[in-house]
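Notes follow the structure.
No lab work stands behind these numbers, since they all come straight from the coordinates. Predicted, not measured: the structure shown is a model, and the values here were computed from it. Using ideal geometry, Cβ is built from the backbone for each residue, glycine included, and neighbour counts are taken over all protein chains shown.
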Amino acid sequence: MSTTGGPRVGFIGLGTMGGPMAANLAKAGVPLVVHDTSSAATAAAAKHAGVTVVGSPADVARQVSVLFTCLPNDDIVRAAYLGPGGVAAGGGGGLVTCDCSTVSPEATLEVAGGLARRSIVHMDTPMLGSQPQAISGEIFFIVGGERARLDTITPYLEIMGRLHMYVGPSASGNRVKLLHNGLAAVTAAAVAEAVATCVQAGVDPYVFYDVVKNGGGMAFGTYFDRRVKRMLDGDFSPTFMAELMLKDARLALDLARAAKVPTPILEETKRTYEEAIADGWGKEDFSAVTHVIEKRIGRKLSPKS
């Protein structure tokens with residue numbers, strides 16, 4: 001799909017996910033105005049035709065009709081939107097902003113309220129997928145906010161992703177994403193324990209992998225499919241870092257506590273991820289929670305280690 005000659009679109013946050021997403025928009029002919037605190041990130045973006053680099057989020061906001069952000073955490077999102085030189089300082093009526101970050105519902109509601117005072121509509125559009133999906137344009141977007149604005153942002157979501165789903169009013173996208181990632185964190189820890197038990201019990205872990213993958217049972221899932229073979233091969237190169245999964249697990253716990261739902265399994269998973277980060281594995285893939293289980297049993301799970 002191409003939107004060549006259409007309105008300018010803004011993109012703030014050109015990191016692991018945002019960089020490839022912005023590149024896909026540019027390759028589709030979307031004129032972009034971009035900002036990042038990293039000069040290397042903006043230089044990479046500027047190599048694409050139709051990309052203008054500016055010095056602040058406000059500079060982006062005053063030049064575009066739709067704006068995307070992809071940022072690390074609540075505080076940076078708040079600053080980018082509501083701080084000095086932020087989107088609210090530069091944007092005006094009619095601007096639609098879309099935050100692809102994984103942040104708390106509270107942060108989204110605060111940003112949406114602040115922008116509404118400038119007649120700017122804010123959508124939460126967090127994503128399922130990691131860097132490979134950002135590069136290939138196969139992200140799944142979970143969309144919250146004003147449903148009437150969905151048509152405005154859909155052409156760009158379709159360039160950057162394979163699917164999107166509207167899930168409800170402002171912050172609904174955040175809630176769904178946090179529930180998803182909390183469950184993914186639990187799955188990663190549980191799979192590591194299962195594989196550790198397999199190895200300790202003397203079962204060939206590659207045989208276990210084949211049985212779960214091909215047997216049609218309930219233990220099989222996307223995480224198992226994408227990560228267990230890599231784990232057994234000793235590959236923990238990141239597509240989504242363990243330190244980011246810890247952040248998401250904490251946010252998911254905050255959501256559960258606010259809803260007054262006891263989540264002891266998620267609590268223990270969060271502690272296991274905290275141990276992984278404390279031991280120096282935070283920059284590895286989130287499957288590196290496996291190292292904590294290895295430490296507890298005193299051996300590597302990979303036969304190739």
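How would you rank 92-102, 197-207, highest first, on the average number of other Cβ atoms within 10 Å across their residues?
Values: 92-102: 21.9, 197-207: 13.3.
Ranked from most to least packed, the peptides come out as 92-102, 197-207.
Can you run phi through the Karplus equation (6.51, -1.76, 1.60; θ = phi - 60°) for the stretch 279-294 and list ³J(HN,Hα) in whole Hz, with x for Gly and Pro?
Values, residue by residue: 8, x, 9, x, 8, 7, 4, 5, 5, 5, 4, 4, 4, 5, 5, 4 Hz.
Report, please, the projected area of the stretch 176-297 averaged over directions, based on the convex hull of its C-alpha atoms, in nm².
7.6
Given the convex hull of the Cα atoms of the chain, what is a quarter of its surface area in nm²?
16.5
Which ³J(HN,Hα) values in Hz, rounded to whole numbers, follow from the phi angles of the stretch 46-61 under the Karplus curve 6.51 cos²θ - 1.76 cosθ + 1.60, where θ = phi - 60° and Gly and Pro get x?
Values per residue, Gly and Pro as x: 5, 6, 8, 4, x, 9, 10, 9, 10, x, 7, x, 4, 5, 5, 4 Hz.
What list of ³J(HN,Hα) couplings, whole Hz, do you get for the stretch 68-76 from phi and the Karplus terms 6.51, -1.76, 1.60, once you set θ to phi - 60° and write x for glycine and proline?
Each residue's phi maps through the Karplus curve to give 10, 10, 9, 10, x, 7, 3, 4, 5 Hz.
Build a GNM of the chain with springs between Cα atoms under 10 Å: which of MET17, MET165, MET245 gets the top mean-square fluctuation?
Result: MET165 has the largest fluctuation of those listed.
What do you get for the angle between helix 264-278 and the principal long axis of the chain? Use alpha-carbon atoms, 0 to 90 degrees, nearest ten.
Helix 264-278 sits roughly 90 degrees off the main axis of the chain.
So how tilted is helix 205-214 from the main axis of the chain? Cα-based, degrees 0 to 90, rounded to 10.
With both axes taken from Cα atoms, the answer is about 60 degrees.
DSSP loop GluC sites (Glu not before Pro) in the stretch 145-251 with at most 16 other Cβ atoms within 10 Å of their Cβ, which ones?
Answer by residue number: GLU146.
So for the stretch 9-168: antiparallel DSSP bridges make up what percent, rounded to the nearest 5?
The antiparallel proportion sits near 10 percent.
Between TYR166 and LYS213, what is the spin-label point distance in nm, taking each point 7 Å from the Cα along the Cα→C-beta axis?
Result: 4.0 nm between the two label points.
Taking the chain as a Gaussian network, where each spring joins two C-alpha atoms under 10 Å apart, which residue of VAL211, VAL30, VAL167 fluctuates the most?
VAL211
Please identify, among ALA43, ALA26, ALA88, the residue showing maximal mean-square fluctuation in a Gaussian network model of the chain using a 10 angstrom Cα cutoff.
ALA43
Which net charge results when you count Lys and Arg as +1 and Asp and Glu as -1 among the other residues whose beta-carbon is under 12 Å from that of ASP225? Walk me through the intermediate numbers first.
Details: positive: LYS213, ARG226, ARG227, LYS229, ARG230; negative: ASP210.
Around ASP225, the charge tally is +4.
Mind listing the long-range amide H neighbours of VAL203? Cut-off is under 5 Å, sequence gap 5 or more, other chains count too, H placed in the peptide plane at 1.01 Å from N.
The answer is none.
In degrees, nearest 10, range 0 to 90: what is the angle between the Cα axis of helix 172-200 and the longest Cα principal axis of the chain?
Here the helix axis deviates by roughly 20 degrees.
Show the residues, 5+ positions off or on another chain, whose built amide H is closer than 5 Å to the amide H of VAL34.
PHE11, THR52, VAL53, VAL54
Using alpha-carbon positions, what is the distance between the centroids of the stretch 200-256 and the stretch 30-82, in Å?
Value for the Cα centre distance between the two parts: 34 Å.
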